[in-house]
Amino acid sequence: MNLHDIREDYSQRRLSEHDCADNPLTQFEQWLAEAVNAQANEPTAVNVATVGEDGRPQSRMVLLKEVSPQGFVFFTNYHSRKGLALAARPYAALTFFWPELERQVRIEGRVEKLPAAASDQYFASRPYASRLGAWASEQSSVIADKNILVKRAAAAGLKHPLHVPRPPHWGGYLVIPDQIEFWQGRPSRLHDRIRYRLSDGLWIKERLAP
C-alpha cells in the first residue's frame, strides 16, 4: 500500500471570517448542528489531548455532552489516565473532525471539574447498565481478564438494584477555551482557517495560513 497516493481534494464549502459569529461558542454550536443534520458519524466524538506528569502527551476519544457559554463538557473517571493528567496539569486540547463536511475544530483551554451537583444530574440520566459500569471499571488500570468487569458490574447491580448513585471517582470536566480554530477544507490544500483568540476578555478573530 502506497500511503503517498491517499489524498482528498476538498471543495464543498468555504469559510470567511466575515461570515463567522462574533463568539466562537456560537459558531461551534452552528457547526455542530450542521454536523448532526448532515448525519455525520459520531458528531459529538472529540479527541481530548492532555499532558501527563511525565511530560508526555496523551490523547483519546470521548463524547462531548454539553456546550455552554463557559465551554465544553465531558465526563470520565477521575482516576483514569486522563483524570490523573488533568489533576497534574489542568489544560487540554480538543479536536473535532467531521469529514462529511470537510471540517475540523481545534480547541485549547483550561480545565475544571464540574460541581458535584452537575455531575450527579448527568449521571442520573445515563442508562442503568452504564451507571453500573462506572462502578465496575477502575478505568485505565490493568485487569487479568474481562470476567473481572462482569463480576464487578453484577455485584454493583445487587448492591444498587434500583437507584445507582454516582461514584465519587466519576464526574464531569469543563474545558474553558482561550483558543478555538475552525478549519474548512478547500481545493489545492489552500484551506480556510479562522482562529478565535481570547485577549483581555474579548475574542479576536484572525485568519491563519493553511
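Below are the figures for this structure:
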| quantity | calculated |
| --- | --- |
| Residue within segment 47-58 that is among the polar types (S, T, N, Q) and over 17 Å from the mean Cα position of the chain (by Cα) present | no |
| Selection within segment 191-210 - charged (D, E, K, R) and surrounded by 12 or more Cβ atoms within 10 Å (Cβ to Cβ) | D192, R193, R195, R197, K205, R207 |
| Leading residue by the ranking (nearest to the chain's Cα centre (by Cα)) among those in segment 167-190 that are among the polar types (S, T, N, Q) and either part of a helix (DSSP H, G or I) or crowded, with 18+ Cβ neighbours inside 10 Å (or both) | Q184 |
| Test: residue in segment 15-26 that is surrounded by fewer than 16 Cβ atoms within 10 Å (Cβ to Cβ), of a type in the set (S, T, Y) and out of contact with any His (no Cβ under 9 Å at 6 or more places or on another chain) | yes |
| Residue selected from segment 115-160 under the condition surrounded by 15 or more Cβ atoms within 10 Å (Cβ to Cβ) and of a type in the set (S, T, N, Q), by the criterion nearest to L174 (Cα to Cα) | S119 |
| Residues satisfying the stated conditions in segment 127-161, i.e. modelled with pLDDT of 90 or more, over 25 Å from the mean Cα position of the chain (by Cα) and not in a helix (DSSP H, G or I) | D145, H160, P161 |
| Given (1) among the aliphatic types (A, V, I, L, M); (2) within 29 Å of A116 (Cα to Cα); (3) without any contact (Cβ under 8 Å) to a residue 60 or more places away in the chain; (4) assigned to a strand (DSSP E or B), number of the condition V164 does not satisfy | (4) |
| Identity of the residue in segment 84-108, open to solvent by less than 20 Å² (accessible area, probe 1.4 Å) and within 16 Å of P57 (Cβ to Cβ), that ends up nearest to the chain's Cα centre (by Cα) | L94 |
| Of all residues making up segment 199-210, the number that are touching a helix residue (DSSP H, G or I) at 6+ places or on another chain (Cβ under 9 Å) and part of a strand (DSSP E or B) | 2 |
| Matching entry among A124, A117 (being over 20 Å from the mean Cα position of the chain (by Cα), small (G, A, S) and over 25 Å from Y91 (Cβ atoms)) | A124 |
| Count of segment 27-65 residues which are of a type outside the set (A, V, I, L, M, F, W, C), touching a residue at least 60 places away in the same chain (Cβ under 8 Å) and open to solvent by 30 Å² or more (accessible area, probe 1.4 Å) | 3 |
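The values are calculated or read from the model by the stated rules, or taken from the named source; none is laboratory data. Small disclaimer: the values here were computed from a predicted structure and weren't measured. No Cβ is skipped: glycine too gets one built from the backbone with ideal geometry, and neighbour counts run over all protein chains shown. Surface areas here come from the heavy atoms of the whole protein model, side chains and all, with no ligands, DNA or RNA. Shrake-Rupley method; radii C 1.70, N 1.55, O 1.52, S 1.80 Å.
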